[in-house]
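One structure is given here, and the rest of the page talks about it.
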Amino acid sequence: MTALLDFVADAPLIDHHCHGVVAHDVDRGGFERMLTEADVVSPLGVSLFDSLIGLAVRARCAPVLDLPKHAPASDYLARRAELGVTEVNRRFLRATGTTDFLLDGGFQPGSVTTTAELADLSNARAHDVVRLEQVAEDVVRAGTTAAGFAADFDAELTRRAAGAVGVKSIAAYRVGLGLSGERPAPAEVADAAGRWLARVESGEPVRLADEVLHRHLVWAGIDRGLPVQFHVGYGDSDVDLHRCDPLLLTGLLRATRGSGVPILLLHNYPFHRRAAYLAQVFEHVFADVGLSTHNAGLRAPAVLAELLELIPFGKLLFSTDAFGLAELYHLGTGLFREGLSDFLRSALAADELSEVDAIRLVRLAGHENAARIYRLEPR
Amino acid sequence: MTALLDFVADAPLIDHHCHGVVAHDVDRGGFERMLTEADVVSPLGVSLFDSLIGLAVRARCAPVLDLPKHAPASDYLARRAELGVTEVNRRFLRATGTTDFLLDGGFQPGSVTTTAELADLSNARAHDVVRLEQVAEDVVRAGTTAAGFAADFDAELTRRAAGAVGVKSIAAYRVGLGLSGERPAPAEVADAAGRWLARVESGEPVRLADEVLHRHLVWAGIDRGLPVQFHVGYGDSDVDLHRCDPLLLTGLLRATRGSGVPILLLHNYPFHRRAAYLAQVFEHVFADVGLSTHNAGLRAPAVLAELLELIPFGKLLFSTDAFGLAELYHLGTGLFREGLSDFLRSALAADELSEVDAIRLVRLAGHENAARIYRLEPR
Amino acid sequence: MTALLDFVADAPLIDHHCHGVVAHDVDRGGFERMLTEADVVSPLGVSLFDSLIGLAVRARCAPVLDLPKHAPASDYLARRAELGVTEVNRRFLRATGTTDFLLDGGFQPGSVTTTAELADLSNARAHDVVRLEQVAEDVVRAGTTAAGFAADFDAELTRRAAGAVGVKSIAAYRVGLGLSGERPAPAEVADAAGRWLARVESGEPVRLADEVLHRHLVWAGIDRGLPVQFHVGYGDSDVDLHRCDPLLLTGLLRATRGSGVPILLLHNYPFHRRAAYLAQVFEHVFADVGLSTHNAGLRAPAVLAELLELIPFGKLLFSTDAFGLAELYHLGTGLFREGLSDFLRSALAADELSEVDAIRLVRLAGHENAARIYRLEPR
C-alpha cells in the first residue's frame, strides 16, 4: 500500500458493472457468504477472512470504520453493527470516488438496493443495465406462446431498456459461452421457446438455459445498438468455469463486429489474457477484471498487469462487480487504483512512458472509455 | 535466496503428497531422468541441468553435500556418489523440517523406499495413501469377474486402507478429469469391469482406463470418508495435459460437496489459479502446487503467489510430490518456504497484514490444514 | 529500461521465425494496422498507439530515428516519412544484433521484402522456411488430381525445400491444432485431396483447411528431416485461439518423438507455460514467445519468465515474428534481451546461479540452440 500517484488517486471512476448493496445488518455467516464467491462456510476450511480478500477488508476497510488496520474480524463486525448498515454503506460508497454506477439489478433483486437507492447512498449517478435473461424469464412467467415469445420479449425489452445504458447476458451461467456466431432464424427461436415452455408446463422452474435463446437475446441487444455485457470467467459454484472462456465467443464476435455495437467482457479471470487478446483484435470488444480485483486483494495489481499486456488502453474498463457488501465497492475501487498506480509508477521510473501518457491511460480506463461506449452524458 | 522469515524457516511441514526415494546410486543419465518430468535425455536438447531445477540443485543442494554453491553438475554427481545414497538421502530428508510424509507408494513401487523406510531415513512419521487404480489392477491380476469386481475391489480396498490416511486417483493419467458427477450404478460398474476383463483376456496389459471405473473408485473413497487426492495438471509425457484441467471435475465436486469428504487437488500447474477458484467455491476442495515448486526453481514463489489469489488459507496445502531423488524433497520444501516467506515479507512491508496473521497463514498451510483433513494424531 | 547485462547486450541472435518488411512508406492507418494483430482501427477504441506496444515504439524506437523518447505518434510518423522507408528499415534491422533471420515468406508474399532483400537491408544472413500450406495451395492452383496430389506436393516441396532450413505449418489458422497423432494413409490423403479439389471446382477459393491434409504436410516435413515449425497461440482475428493450445498437439508429439526431427512451437502466448511443459517432457520440442514479446512491451520480461519456469534452456528459442514494420524487429530483439537481462540480473543478485551459467543460458537461447537445430553453418 504505497501512496497512489496523485492523478490515480483523484481520478473519477465509472463502475460499469456492479449490483446493489444490502440494506440490512448481517451476521458473521452472512458477511462471509457475501465476501467471496463461496456460498457455504464450512469447518472443513476455516474462516473466509483467512484469505487475501479477508486481509484486505481488515487492512483497507477497518480504518474507514475508525478501527486500526488489521483489526480482528470479530471487532470489525462488531463495529460494523454498531455503526449500522446505512452509515457503513454511505461511508464506503462515498469513499470510492465513483461518479457513475452501472447496475445489473437482475441478481437477487429483492435483497439489495435499487438503482435509485444506490445513487442516493453514494451521492453519485446510477444507471440501469438490463439482464436479458431476466426479461425473458419474466415474459414466460407472464404467459406467452412459442410463436409469440419473440415479439413478447421484444416488447418487454423495449419497455425495460428505455433509459437503460446497456444489456447483459448471463449465458455463461446457463449454457456456457460456446454460442454460435449465427443469428438464430425466427423458426429456431419459436422452436426453442416451445421446448422451454413445455419444460415449464411440466413443472420445471422458469430458468432460461438454451443456446438458441441466449443467442437470440444477445442479437436483440445488438439490434437495439445497446452495449452488450457478457459474464465471462470467474463466478460462484453455479458456473462451469471451463465453459466460460471468452475465446468461446470468437465466432459471435466475428459475426457482430460489423454492427458497431460494443461487446463488454466482464471479469474474465483467470482468462483475462485471452480477453485482452480479443479486445486487441476485435474493434468492438472491451474488457475488465472486476470481481477478481477485490477477491485477489494485494494480488490485484498483478492480475491487472497481465490484462494490460495486450489490451489497447481504449478498450480497458473498470468495474467492481460488487454485490451486497459496501466493502466490495471500496476494495474494488481502491485495488484498481493501486493496480494502475503500481504499474505506472514503475513504468515511469523506468522511463517507459511519459507522465502525459500515464495520465491519459488513467482517464481512458477510469471513465472516458465507459462514457464513450455507454454514451453517458457529461456530469 | 534472501533469508527466510523466522516463523517460516522454523515451521514444521506436513508433506501431504510424495513418494519414496531410490535407495541405490544413480549415474548421470539416471539422475537427469529423475530430475524433471522428462523421461529421455537427448542430444536434441542439452543437459537437463540447464534448467531452473538444475540451477536450484547446484545452488541449494550442493552446500548440503559440502560443495560450494553452483558446483558443476559433474562435481555434484561425483560428490553424491562419494557420500553414498544412504547418507545423501538422510541429509536431504532430515534438512526438510518435515514432520509427516504422506506417501503414494503406487508409482514404480519396486524402485523406491517403502513408507517405513522413508520414516526411518527421515526420522519423521510417514503415512500411506492408497492409489485406487493400483488396488483395482491388483484385484484384476488376482482374478475376478465382471459381477464380482465391485465386491472384490471393496474388500481389497478395506484391507489396504486400514491405517491409510487417504486415497488417490490417477484418472487424470488414464482418461483425463472429465469424470461425470454421477455415482455409477452397480450394473454400469459390472459392465465396465466386464469390458476391462475382456481386454485383459485378449492379451492387453492390466491397466485401468475406463471413466466409469475411475469414477466408481473415487466414490468408494468418498463412501469410506477417506480424503480423496486427484492428480491434476503437470506430469510426465504420459499425461494428456489438456484433459487434466481441474475445472473438468466441477460436476463431480458439485456431486460430492454434501459428503463432507475432502477432495485434494494435487500439483495443478499450469491450472493452479483454476484450482484455487475451486477451493474457494467448494467447501470440501483443497489444493497445492507440488511438483511445479521444485521444477520451477527460483520461479516457485511466483507460482505460489498466483495460487494465493483466490485460495482461502484454510484450503492451501503443502506437498513436494518428490519421487526418487532426495534432492526433490529438499528443493520442494525449501522453495515452498521461500515462496511463503517472499510473499509475506513484502505483504508485511506494505502493511497488508499483521505478523500474527502471517504466522497463522504459515501454520495453516504448513501443517494445520493437512493435520485436520487427514486427521493426523498430534505428535 | 535498466541497462542490459553486457553479455546479453552483445549476444548475437538468431531470429528463427520472422517475415519480410514492407519496402514502401505507410500512412498512420497502415502503420497502426501492422503494429498489432488488429486489422481494423476503429473509433470504438482509440489509437492503437495507446497500448504497451505503442508506448514501446515511442520509448524505444523514436531515439533510433533521432527523436526524443516518448515523441508523439504524429511526430514519430512524420520523422519516419522524412527518413524514408529504406533508411528506416536499415536502421532498425541493423540495430538488432541479429546474425541470421529465418523467414517464413508465405504470408502476404507480395507486400514485403524477399529473403534476399532482407539479408541485404540487415547486412545479415537470411534463410528460408517453407510454409507447407502455401506449397499445397500452389500445387492445387497449378492443377493436380486427387490421386496425384501427394506426389505432386512431394515434388514441389522437394523443389522449394532445397536450400531451406525448415518448414512451417499453419494448421492452427485453418483447423486448429487438434491434429491426430497418426500418419494419414495414402488413400486418406487422396480422399481428402479429392474433397478439396471438388470444393475448388465448385468455386471456393484455394485455401487448405483439412485436418488430414495438414497432417500429411507435417509428416512430409518430418520425413525429410526438416525442423517443423507450428504456429501456436496468439495471432490475428482469423485464428480460433481456443483451438491453438499447444497441448492439442500432444498426440502428434508422441507419434513423432522417435523421428529425431525438431518440432518448434512458435509464439504460444497465452499458452506459453504449456509449451514449456511440452518442451520439457518431449525431447524434440522447442518453444519461443515471439510476437507477444513486442506486443507486450514492458511486460515482455514477465512473459518470458513464465516460459522459463519449465523449459530446459536447451529448448528455448528466440524469434520476433516481426512482419512488415522494421520497428517490430527492433522491439522484439530489444525486449527479448531485456527479458533475459532482467531475469538473470535478479537471479545473479540472489546468487541463484553463477555468471558462467548465465552466459551459457544466453548463448543457448540466443543462437546456439537455433544453430544446432537448423544446422546453420558457422559464420
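At-a-glance table
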quantity	calculated
Top positive-direction residue, dipole computed over the protein assembly as shown with Cβ charges, set A:255, C:272, A:198	C:272
Amide H contacts under 5 Å for residue A:285, placed H, 5+ residues apart	A:263
For the stretch B:27-83: relative contact order, % (alpha-carbon pairs under 8 angstrom, 6 or more apart)	24 percent
Centre separation in Å (Cα based) which lies between the stretch B:332-362 and the stretch A:149-216	48 Å
B:264, A:118 arranged by Cβ crowding within 10 Å, fewest neighbours leading	A:118, B:264
Shortest-first distances to equivalent copies, position residue C:3, nm, label 7 Å out along Cβ	3.1, 3.1
Distant alpha-carbon pairs in the stretch C:27-83 (separation over 15 angstrom), percent	45 percent
For residue B:318, residues with placed amide H under 5 Å, excluding near neighbours	B:16
Distance between modelled label sites at residue A:200 and residue A:123, nm, 7 Å Cα→Cβ extension	4.4 nm
Computed FRET value (nearest 0.05) for residue B:86 with residue B:375, which takes r as the C-beta separation and R₀ as 25 Å	0.15
Estimated vicinal HN-Hα couplings, Hz - the stretch A:183-196 in sequence order (Karplus 6.51, -1.76, 1.60; Gly, Pro = x)	5, x, 6, x, 5, 5, 5, 5, 4, 5, 5, x, 5, 5
Label zone at residue C:116, where the point sits 7 Å out along the Cα-to-Cβ direction: the stretch C:125-160 residues whose backbone N lies under 14 Å	C:126-128
Nearest 10 degrees, 0 to 90: helix B:132-142 Cα axis against chain B principal axis	50 degrees
Relative contact order computed over chain C (Cα-Cα under 8 Å; 6+ residues apart), in percent	21 percent
Residues in the stretch C:168-206 that a label on residue C:154 would reach, taking backbone N under 11 Å of a point 7 Å out along Cα→Cβ	C:186
Within the protein assembly as shown: Cβ-based charge dipole about Cα centre, in debye rounded to nearest 20 (Lys, Arg +1; Asp, Glu -1)	380 debye
Computed magnitude of the charge dipole of the stretch A:27-83 (debye, nearest 20; Cβ of K, R +1, Cβ of D, E -1)	180 debye
Over 62 Å [Cα-Cα, the protein assembly as shown], rounded percent	7 percent
Calculated from backbone phi, Karplus (6.51, -1.76, 1.60) coupling profile of the stretch B:31-43 in Hz, x at Gly/Pro	5, 5, 5, 8, 6, 10, 8, 6, 10, 10, 9, 10, x
Fraction in percent of alpha-carbon pairs per bin - 20 Å, chain B	29, 57, 13, 0
Residue A:142 versus residue A:47: modelled label distance in nm, points set 7 Å from Cα along the beta carbon direction	4.7 nm
Integer Hz, Karplus 6.51/-1.76/1.60 couplings in order for the stretch B:287-299, x for Gly and Pro	8, 9, 10, x, 6, 5, 4, 7, 5, 7, x, 5, 8
Neighbouring partner chain Cβ atoms per residue of A:57-69, average, 10 Å criterion	1
Per-residue mean of C-beta atoms belonging to partner chains within 10 Å, peptide C:35-45	6
Spatially near lysine pairs across the protein assembly as shown, Cα under 29 Å, sequence gap of 8 or more or different chains	6
Sequence-distant residues sharing a close amide H with residue C:21 (under 5 Å, placed H)	C:113, C:324
Degrees between helix C:326-349 axis and first principal axis of chain C (Cα, 0 to 90, nearest 10)	70 degrees
Principal-axis tilt of helix B:211-224 within chain B, Cα atoms, nearest 10 degrees	80 degrees
Beta bridges by DSSP in the protein assembly as shown, antiparallel share as percent, to the nearest 5	0 percent
Cβ-placed point charges (K, R +1; D, E -1), dipole of chain A about Cα centre in debye, nearest 20	340 debye
Approximate spin-label separation residue C:95-residue A:183, in nm, with each point projected 7 Å along Cα-to-Cβ	4.8 nm
The stretch B:146-221: relative contact order in percent, alpha carbon pairs under 8 Å with at least 6 residues between	45 percent
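Read-outs: derived from the displayed coordinates by stated rules, not from any lab. Fair warning: this is a prediction, and the values are worked out from it, not measured in the lab. Positions of Cβ are generated from backbone atoms using ideal geometry, with glycine treated the same way; all protein chains shown enter the neighbour counts.
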